[in-house]
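Below is one structure, written out as structure tokens, with a few remarks after it.
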Amino acid sequence: MSLARSSRRDVIGGFALVAVAAALVVIASVFYLDALAARRSVADIDAVRIASARVSAVDAVARAGGEPDTSTLLADLATLDADHAVLLDRLEPAEADHAAEMLDSIASCGIMLADGGEPMADAHPHHHVDELLTRAADLAGADADRAEWRAGVAMISAMVAGLLMTALLIRSRFSEFQLRRALLRRADTDVLTGLPNRRVLRETLDRSPGHGVRRALLVLDLDGFKQINDVYGHEAGDEMLRKVAQRLSRVSRAQDVLVRLGGDEFAVVIEGVPQGSTAENIAARYLDALVEPIAVGGTVHRVRASLGLAGAETNRPDRMLAEADLAMYEAKRLGGGQVVRFHEGIEDSASRAATVIQALRTLDHEHDLELVVQPIVGAADGVAHSHEALVRWTDPTLGPVSPAEFIPLAERTGLIIDIGATVARRLCASLRAWDEAGDGGHRVSLNVSPVELRDVDFVDRLVSTIRSHGLATDRFTVEITESAVIEEPELVAERLRRLRAEGIRIAIDDFGSGYSNLAQLLSVPFDVLKVDRSLLLHLSGMREANGGDPSGPCNVMSAIVEIAGTFGAPVVCEGVETAEQLASLQRSGVTFVQGYLTGRPAPTPIRHSLAHEPTPA
């Protein structure tokens with residue numbers, strides 16, 4: 001982190017400046033000692049100069065016949081008797097020697113005067129000695145001035161270094177403060193999305209919402225996000241999460257707390273649910289925020305999410321989060337793309353789902369899975385033109401488990417890829433056996449999960465399985481759900497083009513089940529359009545409610561047939577159970593039908609005929 005590096009640099013720089021300042025203080029001290037020594041030399045030279053002048057004066061008075069004042073003579077002689085070498089070392093050597101000789105001469109004269117002797121015959125050249133000593137004092141004074149100036153510069157430099165050191169250390173402390181704030185902020189923030197994280201969620205739930213304030217917790221998990229990472233890479237997945245976070249932030253109310261729990265999971269603490277409103281209404285805002293497709297890495301994705309909602313019936317944050325999680329997984333079990341509020345029955349459902357998932361993980365594909373086929377017959381002639389392969393599962397402990405229950409769980413856990421591979425392999429083996437038994441020529445279709453379709457190896461694996469059994473690929477039709485087309489149109493189109501290039505036909509399954517975006521749906525290659533049973537029942541119910549003939553033609557079905565016909569694709573209607581439904585479909589121009597009326601799922605493909613001859617269209 002740059003703040004940490006900056007702080008370390010400031011500390012190191014501060015310590016370096018401490019060393020520099022200490023060195024400068026030492027240097028200044030040395031210069032001050034030199035200055036003091038020079039000042040003492042000046043004082044000593046002045047003392048010698050004065051003493052020599054007084055001795056010379058006493059001698060002069062004595063030589064003039066007067067009575068000299070000898071009161072200071074002994075003290076002056078003591079001053080003159082000292083070693084003058086140090087005092088005179090700033091003079092030229094010759095001058096220093098000459099001055100020393102004259103001072104010795106003056107001292108000798110003073111001794112004789114002190115002993116009562118006669119004054120010297122010649123006058124002492126005191127003025128010359130005085131000049132030399134004055135010069136020596138001036139030189140010593142100059143040395144003292146220089147030493148004092150240097151000491152001053154060193155001290156000022158030390159002070160500047162000290163100020164710089166203080167500034168660096170202050171900046172270091174400020175950097176540490178910023179770093180601490182950044183670390184605290186990071187501890188509370190999800191780095192990828194910039195949203196608060198799980199820690200903030202915990203702190204928010206731990207705080208009491210206040211008297212009379214209604215609180216709810218929403219947990220949101222993206223459906224099928226793992227496939228985005230697997231197919232497009234983690235960078236695309238990260239970009240998707242950032243854009244989802246932005247979408248959710250835009251609809252989040254000011255008082256709500258939106259956090260990222262991790263992975264593709266988010267949570268919202270809904271604070272203060274308005275009177276006359278429900279938490280579901282607020283939760284729907286977050287669901288609606290993801291309706292529009294999201295462009296990631298040049299590819300458009302339709303994002304769906306499962307939302308679990310828990311109220312504040314419990315004051316335990318961990319329990320509230322667990323309830324919201326259970327509700328979210330229930331929303332996934334129900335197909336995703338919806339909000340589910342927690343209720344007591346969800347725990348039983350979640351426990352059942354966990355049991356089924358555990359059983360799926362230990363599934364014996366060869367013994368526990370059963371392959372059955374259901375005929376797809378001509379609406380006009382009742383002849384089975386192909387068969388749809390269906391899988392049934394009987395667990396040794398759980399007993400028979402409905403495909404409506406275990407298929408979504410297998411998709412959620414990714415186990416559907418292995419199950420799909422098993423179905424394809426066993427279907428090819430059965431088809432080969434029927435061919436060898438002389439009952440050949442059958443065409444078959446198999447359902448492919450969106451999870452399988454996103455697997456990069458799916459097309460190669462399926463084609464390899466078909467050819468390894470010596471079968472022609474044009475006998476196979478892959479059925480994909482309408483939702484898979486709508487959610488990942490570009491990826492699905494690429495996979496379907498590859499399948500068709502290998503000779504495999506494509507059927508769009510569950511058409512009209514609620515996802516219909518016709519423009520997107522018809523943008524992918526397909527050979528067959530299969531109308532979902534729910535649309536058939538809805539249209540039949542509408543006619544009956546309006547007093548119409550249940551066996552009469554249906555305008556909506558006719559329109560679907562016409563649209564599919566523009567692409568050269570026949571229409572198959574699923575879930576046909578009554579003769580009236582069959583008659584209506586015949587009159588609406590539907591080509592093929594499938595359902596209990598025309599043939600139930602059976603272990604082997606047999607020739608089916610209609611229980612009643614088809615009514616002429």
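Just a few scattered comments:
- Of the criteria (1) in contact (Cβ under 8 Å) with a residue 60 or more places away in the chain; (2) exposed (fewer than 14 other Cβ atoms within 10 Å of the Cβ); (3) polar (S, T, N, Q), which one residue 386 fails: (2)
- Within region 255-295, the set of residues being modelled with pLDDT under 85 and surrounded by 21 or more Cβ atoms within 10 Å (Cβ to Cβ) comprises 279 only.
- Selection of region 205-254 for residues being within 24 Å of residue 317 (Cβ to Cβ), modelled with pLDDT of 85 or more and not aliphatic (A, V, I, L, M) yields 221, 249, 252, 253.
- Residue 357 fulfils the conditions (1) in contact (Cβ under 8 Å) with a residue 60 or more places away in the chain; (2) in contact with a Leu (Cβ under 6 Å, 6 or more places away or on another chain); (3) surrounded by fewer than 22 Cβ atoms within 10 Å (Cβ to Cβ) except for a single criterion, (1).
- With respect to being exposed (fewer than 14 other Cβ atoms within 10 Å of the Cβ) and assigned to a helix (DSSP H, G or I), residue 59 falls outside the description.
- Out of 237, 336, 311, sole residue that is out of contact with any Phe, Trp or Tyr (no Cβ under 8 Å at 6 or more places or on another chain) and among the small types (Gly, Ala, Ser): 336
- Qualifying residue in region 398-410 (condition: part of a helix (DSSP H, G or I), among the polar types (S, T, N, Q) and either within 30 Å of residue 303 (Cα to Cα) or under 42 Å from the mean Cα position of the chain (by Cα) (or both)): no
- Residue check for residue 245: touching a residue at least 12 places away in the same chain (Cβ under 8 Å) and either within 22 Å of the chain's Cα centre (by Cα) or assigned to a helix (DSSP H, G or I) (or both): yes
- Hey, residue 402 under 18 Å from residue 601 (Cα atoms), small (Gly, Ala, Ser) and at pLDDT 90 or above or not: yes
- Extreme residue, modelled with the lowest pLDDT, among residues of region 469-508 that are under 36 Å from the mean Cα position of the chain (by Cα) and not in a helix (DSSP H, G or I): 488
- Region 571-615, subset loosely packed, with under 14 Cβ neighbours inside 10 Å and at pLDDT 90 or above, residue nearest to residue 432 (Cα to Cα): 600
- Scanning region 62-97 for residues that are within 18 Å of residue 134 (Cβ to Cβ), among the aliphatic types (A, V, I, L, M) and crowded, with 16+ Cβ neighbours inside 10 Å returns 80, 87, 88, 91, 96.
- Note on region 203-242: residues that are at negative phi and either part of a loop (DSSP other than H, G, I, E, B) or not aliphatic (A, V, I, L, M) (or both) total 24.
- Of all residues making up region 324-348, the number that are touching a Leu at 6+ places or on another chain (Cβ under 8 Å) and in a helix (DSSP H, G or I): 7
The values are calculated or read from the model by the stated rules, or taken from the named source; none is laboratory data. If you're wondering where the values come from, they're calculated on a predicted model, not measured in any experiment. As a convention, Cβ positions derive from the backbone with ideal geometry for all residues, glycine included, and neighbour counts pool all protein chains shown.
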